[in-house]
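Read-outs throughout are calculated quantities, based only on the coordinates presented, and are distinct from any laboratory measurement. Given the structure is predicted, the values throughout are model-derived calculations rather than measurements. Heads up, the Cβs are rebuilt from the backbone with ideal geometry, glycines too, and the neighbour counts pull from every protein chain shown.
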Amino acid sequence: MNSLRLLNLTVLLVSVALVGCDSADSEDNTTTTSDGVLHSAFAEFDSNNVSVVLSGSEVIIETNGLPNHTSPYWSSEHELFVEPTVTTYQKMAPGDIDDFVGTYTLTVSSSPEKATNSSSTGLGAIGIAVSGSVIYNDEEGPGIPLDGAIGSLDFNGAHTGPQSFHYHLEPISFSDDDSNLIGVISDGFFLYGRKCNSTGTYPTDLDESGGHTAQTQHSESEEYHYHIENEVYLGSYYILFPGNYQGTASGIR
């Protein structure tokens, strides 16, 4: 990954203070420049896989697409490889995580705003997770529901293909029925787990995209963000993002 970007990331993240949203005595949790503000939530992203650079009023997020946790989709020689549990070798999608060589880049506003109208997510990557891998929606293909591919997903609700490893369901390696940060969606809004950090319970005021305006562990004031909706899919799963973008989405390339 570009060394200059990693240097920029280090400088920016050192000055970011992570605070709980209920702390009355917490310090300012953002890094301010003459052009924009880097949200403190970006400090959660794995710096070995993801670089985050503030450029004026935009945030440029680049990832190598690789997760920082175990999966049966790593090649058997990789240190993070584990045997399949919720899937089987026969049901797994073709390809190993290691096969992907490249990057994904997303540019979002440092101060995203809701759009006048929502827009559909479409296929492919719709967000970048804190682990380094990308987030997909609830479809396996054009008009093809996810239920046909459930058998191929690992214990993090992820599999490979058509390009690289990606998540469809709640990734329990870093968020399991909690309020942890999942990642950032292509419209610049953050995606959190099923619970709300400010209350410790499941939010009941979510819109059709699983979003609402409330405090998070990364904000002292209320802000719009998404949650994994606490709605069971096929009996035991939780889809990451089944709704529309509520902001103006940028492409992930």
statement: Ordering 218-228, 196-206 by per-residue average of other C-beta atoms within 10 angstrom, highest first, gives 218-228, 196-206
query: What list of ³J(HN,Hα) couplings, whole Hz, do you get for the stretch 103-119 from phi and the Karplus terms 6.51, -1.76, 1.60, once you set θ to phi - 60° and write x for glycine and proline?
result: 9, 10, 10, 10, 10, 10, 6, 6, 9, x, 10, 5, 7, 4, 10, 6, 9
More than 28 angstrom apart: percent of Cα pairs within the chain: 30 percent
- line: Expected max-MSF residue from D99, D177, D46 in the GNM of the chain (alpha carbon, under 10 Å) is D99
Cα-based radius of gyration of the stretch 118-226 once divided by 2.2 N^0.38 Å, which approximates compact folds: 1.07
statement: If unit charges are put on Cβ atoms (+1 for Lys and Arg, -1 for Asp and Glu) and the dipole of the stretch 3-247 is taken about its Cα centre, the option from I182, F100, A129 lying farthest towards the positive end turns out to be F100
- request: List every residue whose amide H lies under 5 Å from the amide H of E58, counting only residues 5 or more places away in sequence or on a different chain, with H placed 1.01 Å from N in the peptide plane.
  value: S110
message: I want the antiparallel fraction of DSSP beta bridges within the chain, as a percent rounded to 5.
response: 85 percent
field: Cα gyration tensor, the stretch 175-222 - rounded (a/c under 1.5), prolate or oblate
entry: rounded
Only Lys, Arg (+1) and Asp, Glu (-1) charged, at Cβ; the chain dipole about Cα centre in debye: 480 debye
query: Over the chain, what is the relative contact order in whole percent, taking alpha-carbon pairs under 8 Å and six or more residues apart?
result: 21 percent
query: In sequence order, what are the phi-derived ³J(HN,Hα) couplings for the stretch 149-156 according to the Karplus relation 6.51 cos²θ - 1.76 cosθ + 1.60 with θ = phi - 60°, rounded to whole Hz, with x for glycine and proline?
result: 10, 3, x, 8, 7, 7, 5, 9
Sorted peptide list for 83-95, 162-174, 107-119, 181-193, criterion being average Cβ within 10 angstrom, highest first: 181-193, 162-174, 107-119, 83-95
- request: Rounded to the nearest 500, what is the 222 nm mean residue ellipticity of the chain from helices alone, with -39500 (n - 2.57) per DSSP H run of 4+ residues and division by all residues?
  value: -1500 deg cm²/dmol
- request: Give the shape of the stretch 56-157 as rounded, prolate or oblate, defined through the alpha-carbon gyration tensor: a ≥ b ≥ c are the square roots of its eigenvalues, a/c under 1.5 means rounded, and otherwise the shape is prolate if a/b is larger than b/c and oblate if not.
  value: oblate
